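Down below is the structure, laid out as structure tokens.
The values are calculated or read from the model by the stated rules, or taken from the named source; none is laboratory data. Being a predicted model, the structure only gives us computed values, none of them experimental. Note: ideal-geometry Cβ built from the backbone for every residue, glycine included; neighbour counts use all protein chains shown. Heads up: the accessible areas ignore ligands, DNA and RNA and are worked out on the full protein's heavy atoms, side chains in. Shrake-Rupley method; radii C 1.70, N 1.55, O 1.52, S 1.80 Å.
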Amino acid sequence: MKKLSRRDFLKSAAMTSLAVMAPSYVKTLADGLAGKSALPNIIVLIFDAMSARNLSLYGYARRTSPNLERFAEHATVFHNHASGGNFTTPGTATILTGTYPWTHRAINQAGLILRRRAGRNLFSAIGDRYTKFAFTQNLWADYLLNQFEHQIDRHLLPTSFSVADNSWGSVFANDLNSSNRALDDFLFQSDARPASLVFGPLEKQLFLHQLARLSVKGYSRGLPHDVTNPKYFHLEDVFNGVNSQLGTLPTPFFSYIHLYAPHEPYRPREEFENIFKDGMKQVEKPESPFADGSTVQALLNRRTNYDEYVANVDFEFGKLIDSLAQKGILDNSVVVVTSDHGQLFERGVHGHTTPLLFDPVIHVPLLVSLPGQTARRDVFTPTSNADLLPTLAKIAGNEIPDWTEGRVLPTLGGEEDLERPIFTVEAKSNQAFSPLTHATVAMRKGNNKLIYYSGYTKEPWFELYDVGADPEELTDLIPSGPVFARVMKEELLTSLNDANVSVEN
Amino acid sequence: MGIFRKIPHWPALASVYAVLAVFVYGWTIYWFLWKLPSWIYYLTMPEILTIAAYSAAVNFLESLLLLSLPLFLSVFLPKSWVYENFISVGGFLGIMVGGFLLYFSSISAAADTFSYSLIWPAILFLVISICLAIFLGRLRMIAQVVETIADRLKVFLYILIPVSLLSILLVAIRNLIR
């Protein structure tokens, strides 16, 4: 009898799980194709800056996500899921376009998808049989949604469900991207000197006056808010608002919801403050050349605050899911939970605006719950947020677009493939319309992860980690010169080169 | 009808407006040029020009709002206080207020909580500026200097006003026709 290799075993395991899943999935799909009314609703829920590494769902020592764990009992849990980028713009654009940042080119802070590609997006892939709803609290993500405004039936402003905001761009509802950028990000910008000499400071003082009178009851650290374009909100209001919106959408609906939490500033409700007094120690890691000066203790404190906020978000998520189940909405809904990027608390770096692509900043959760799913499934093959678009297109009963770089997710119609490379690209300092020369590219293939740093110093360099055996990415394998490193380097550079050529054309 | 008789003539209004416009537009243009290298990274030229159009439209409103201050003083104060020396009083006031706004903009940007300790000094400064402008604007030497500056700055209006009107039109079209 032929001995099964590890890869063969995984393949057959995937096929077995697919076979088990297939009847109910295919039935849903067939019903969907038969008529609009039988199509499942699709709810995509994105939490900004939620790292899989900080979720107990994925084995984190702190119990940050009991409700996600509960939800996972009726969902497929993807254990090695990667974001397309390491901050909102590229990460979100990868979800929305099913392509990597080197293709969609929303690579800069507040950047946009290449204009000629903007028509190819999640909303067009879902098709016209769905009522399409979109809401994001993050203005940078909203810039992207505004690019396909005409394909969205109901698009809420980022300030919806906020208790205070100083957004003026939304006054010009027919020209949101330009007016937001001109007014909120330039003339009246709050985080730097406003370019408007009279209205800028005046508007800032009025906004501060409004904030001073705002009730922060229940939030002793202050209300959660967006850091770049201040809008203050109560977490529970936002979840309640989303809940009420979902209850009013004509079925079948596709809803894309991108919430700001648990993005910093980490401001949980009082009940979640100081819930993790466990004396957790940081794994010691070498300081990165891109360290921002954060000390080990400062990083640990921030991590704890972040964990508390994640727990608060998880609690609200639990309430939302329970309410949707009670209303019967979940009976015929596919629910997808993921994040646009993660968050880093190591190597002297806090946050995600960094050239680094270590696991905590790109490893994001992914859970997909199908209507009527009663058992949990776990997928360990590396997957990407670029895979969401083809997967959802398939669930919506549509052809998988040939322009996507993603694949249908395993157990949802796709196959597990350990040889498939998964990419994450960070290139905020590179011109969006030029070849990528100033960038970090991470390529995950099986258990190996190659990271390529280009344009930061005179010579580019690589790092290679076996994330199966070394999940903390402590031992760089490049100096030991494994044979597969050369093959991986070639593959990464060829893919990057192909993408660069494609953009130039 | 007395009120209308105390509205200064167009040339005088234009001179004072020029002083104010240079502050208002100049500040925005400065920050526009500061931002431009980053915008070029990810915005197309039409998108950048649209930001410029919104900026010019807002600047136009701001400068008109500032002009309303000396205009208001001219209309409601005795004729000899402001109306008869409108260019020098208005120009002097424009320089004082413009300079203060540059300073206020920086301290306001740094503030993260509201405080009346920022507002009352600003109002006090405005009142002192008005008094100083009315008093000093009547002194021959200062009047001459201010009038000369205001006269020289008028040349910018040949660019700023048409550009602003075009910008308002563009903003209106983008918001009404789409």
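Things to note:
- Filtered residue count, segment B:107-133, keeping only those that are open to solvent by less than 30 Å² (accessible area, probe 1.4 Å) and at the interface with chain A (Cβ under 10 Å from one of its Cβ atoms): 4
- Subset of segment A:445-472 that is open to solvent by less than 40 Å² (accessible area, probe 1.4 Å) and polar (S, T, N, Q) - its residue that is nearest to the chain's Cα centre (by Cα): A:Asn448
- For segment A:173-181, the criterion of being of a type in the set (A, V, I, L, M), surrounded by fewer than 19 Cβ atoms within 10 Å (Cβ to Cβ), at the interface with chain B (Cβ under 9 Å from one of its Cβ atoms) and under 25 Å from A:Gly111 (Cβ atoms) is met by at least one residue.
- Extreme residue, nearest to A:Phe317 (Cα to Cα), among residues of segment A:59-88 that are assigned to a loop (DSSP other than H, G, I, E, B) and hydroxyl-bearing (Ser, Thr, Tyr): A:Ser65
- If you go through segment B:56-98 and keep only what is within 14 Å of chain A (Cβ to nearest Cβ), surrounded by fewer than 24 Cβ atoms within 10 Å (Cβ to Cβ) and not aliphatic (A, V, I, L, M), you end up with B:Phe60, B:Ser68, B:Gly98.
- The selection criterion, being within 8 Å of another protein chain (Cβ to nearest Cβ), crowded, with 23+ Cβ neighbours inside 10 Å and touching a residue at least 40 places away in the same chain (Cβ under 8 Å), does not hold for B:Val19.
- For segment A:474-494, the criterion of being in contact with a strand residue (DSSP E or B) (Cβ under 6 Å, 6 or more places away or on another chain), under 15 Å from A:Tyr100 (Cα atoms) and touching a residue at least 40 places away in the same chain (Cβ under 8 Å) is satisfied by at least one residue.
- Residue in segment B:148-160 that is at pLDDT 90 or above, under 30 Å from A:Asp191 (Cα atoms) and part of a helix (DSSP H, G or I) present: yes
- Any hit, segment A:189-207, residues being within 14 Å of another protein chain (Cβ to nearest Cβ), in a loop (DSSP other than H, G, I, E, B) and surrounded by fewer than 13 Cβ atoms within 10 Å (Cβ to Cβ): yes
- Verdict on A:Ala442 being open to solvent by less than 40 Å² (accessible area, probe 1.4 Å), touching a helix residue (DSSP H, G or I) at 6+ places or on another chain (Cβ under 7 Å) and without any contact (Cβ under 8 Å) to a residue 40 or more places away in the chain: no
- Criterion applied to A:Thr304, A:Thr354 was being within 15 Å of A:Gly91 (Cβ to Cβ) and either part of a helix (DSSP H, G or I) or open to solvent by less than 20 Å² (accessible area, probe 1.4 Å) (or both), and the one residue passing it is A:Thr354.
- Sole residue being assigned to a helix (DSSP H, G or I), under 18 Å from the mean Cα position of the chain (by Cα) and within 14 Å of chain A (Cβ to nearest Cβ), chosen from B:Ile173, B:Ile168: B:Ile168
- Residue in segment A:473-489 that is surrounded by 14 or more Cβ atoms within 10 Å (Cβ to Cβ), at positive phi and touching a helix residue (DSSP H, G or I) at 6+ places or on another chain (Cβ under 8 Å) present: yes
- For segment B:134-150, the condition of being within 27 Å of A:Ala195 (Cβ to Cβ) and open to solvent by 80 Å² or more (accessible area, probe 1.4 Å) holds for none of the residues.
- Some residue of segment B:23-45 being more than 7 Å from chain A (Cβ to nearest Cβ), under 20 Å from B:Leu166 (Cα atoms) and aromatic (Phe, Trp, Tyr): yes
- Residue selection: A:Asp307 satisfies the criterion of being in contact with a Ser or Thr (Cβ under 7 Å, 6 or more places away or on another chain) and either among the β-branched types (Val, Ile, Thr) or in contact (Cβ under 8 Å) with a residue 24 or more places away in the chain (or both).
- Evaluation of A:Ser160 against (1) part of a loop (DSSP other than H, G, I, E, B); (2) open to solvent by 30 Å² or more (accessible area, probe 1.4 Å) (one fails), failing number: (2)
- Here segment A:208-227 is the region considered, the condition is being of a type outside the set (D, E, K, R) and away from every other protein chain (no Cβ under 14 Å), and the residue that is surrounded by the most Cβ atoms within 10 Å (Cβ to Cβ) is A:Pro224.
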